[in-house]
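The block underneath contains the structure these notes are about, expressed in structure tokens.
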Amino acid sequence: MEYALFLMKCRELLREYPFNLYDLAFYDGERVHHYQHQPANPANNGYSVTKMFTMTAIGMLADGGKLSLTDKITELLGDALPSSYNHDWDRVTVFDTLAHKTGLDRGVLDIYGDDPRPADFLATVLNLPLPHAPGRVYHYTDDAYYLLSRVVSAVSGEKLLDFLRTRLFNPLAFSEVAWSSCPDGYQLGGDCLYCTTPDMLKLGILFLQGGAYGGRRFLSEEFVKYASENNLGMAKCEEKSHGKTGSKGQIVAFCPESHRALAIHAYQIGPYDFRGAAIRELLEKD
């Protein structure tokens with residue numbers, strides 16, 4: 001796509017769907033286009049797009065034989081496991097956690113929750129009751145992805161940010177990256193990863209290309225396919241695309257059919273379906 005056509009489409013969409021857009025980055029199958037709609041911080045909060053990065057770290061460990069998606073969360077936590085916890089969690093697998101099917105019916109770590117943040121995130125989550133059998137009922141919560149952050153640390157010996165910095169962010173030449181942490185210094189996993197929009201787009205391109213980027217493989221094609229088909233850390237978007245949305249208007253999405261990818265940072269005001277329109281017009285439209 002010519003850059004002039006890309007800019008025209010962006011401006012047409014913003015006229016039709018008024019939206020507090022910061023940045024939009026688009027990969028047309030050959031090159032990356034970047035549209036900065038208004039002055040903003042170079043690195044912005046991706047909100048729940050963060051979960052797709054955490055899922056990527058789990059995929060790297062699975063590909064490396066360090067864990068299996070059928071492994072139990074409490075077994076993987078090892079020495080980090082609290083001395084006292086609800087043993088119903090012993091039945092929860094990595095797959096259940098990635099798929100938001102832990103058995104929870106509420107979360108305590110959600111960024112917009114009413115509960116004050118606890119001093120010990122891990123013990124607080126693992127002492128929550130599980131009203132549903134693991135693997136049965138979908139309930140979206142940041143708590144699940146905080147647990148995955150702790151799994152990455154327990155299995156790899158590194159905090160999640162350090163793990164991805166050496167294996168993803170530095171190899172893909174990310175510029176600015178920051179990630180909010182719990183009081184014990186472990187990244188939240190489900191929220192509050194800050195990066196630039198063109199850098200966030202790189203994750204979409206990586207999944208678009210079956211786990212490879214710039215001639216280097218980061219994830220197996222098998223894991224990418226499995227995560228896409230089972231909505232692990234992402235979901236289907238519109239008719240032909242997959243990706244992950246974040247609160248306040250963030251998104252990373254990719255469309256295998258058109259071989260395009262899209263990333264947006266924003267702070268949404270109003271009910272406008274700008275993200276859906278951008279996917280339809282930029283990713284899926286011939």
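The values are calculated or read from the model by the stated rules, or taken from the named source; none is laboratory data. Just so it is clear, the structure is predicted and the values come from calculations on it, not from any experiment. Methodologically, a virtual Cβ is constructed for each residue, glycine included, from the backbone with ideal geometry; neighbour enumeration extends over all protein chains shown. For the accessible areas, the whole protein counts, side chains as well, though only heavy atoms, and no ligand, DNA or RNA atoms are used. Shrake-Rupley method; radii C 1.70, N 1.55, O 1.52, S 1.80 Å.
Structure values in brief
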quantity	calculated
Value of [θ]222 nm, deg cm²/dmol, for the chain, DSSP H segments ≥ 4, -39500 (n - 2.57) each, nearest 500	-9000 deg cm²/dmol
Area of Y27 that stays accessible when all protein chains are in place (1.4 Å probe, Å², to 10)	30
Relative contact order %, region 23-85, counting alpha carbon pairs below 8 Å whose residues are six or more apart	15
Degrees between helix 142-156 axis and first principal axis of the chain (Cα, 0 to 90, nearest 10)	70
Efficiency of FRET between E222 and R15 - r from beta-carbon atoms, R0 41 angstrom, step 0.05	0.45
Residue-span extension gain [D63 to Y138] - 0.36 nm each, minus C-alpha spacing	24.5 nm
Residue among A144, L122, L201 farthest towards the positive dipole end of region 58-206, charges placed on Cβ	L201
Peptides 270-278, 152-160, 191-199 ordered by average Cβ neighbours within 10 Å, highest first	191-199, 152-160, 270-278
Rounded tilt (10° steps) of 197-208 against the dominant C-alpha axis of the chain	80
Positive-end residue, region 1-96 charge dipole about Cα centroid, Cβ charges, pick of G46, A25, N86	A25
Crossing angle, helix 3-16 versus the chain [Cα axis fit, 0-90 degrees, rounded to tens]	70
Selection from L232, G246, H259 lying farthest towards where the dipole of region 212-261 points positive, charges on Cβ	G246
Alpha-carbon centroid distance for the pair region 8-39 / region 151-226, whole angstrom	24
Cα-centre dipole for region 200-276 with unit charges at Cβ (Lys and Arg positive, Asp and Glu negative), debye to 20	280
Extension gain from D105 to N231, taking 0.36 nm per residue of separation minus the Cα-Cα distance	43.5 nm
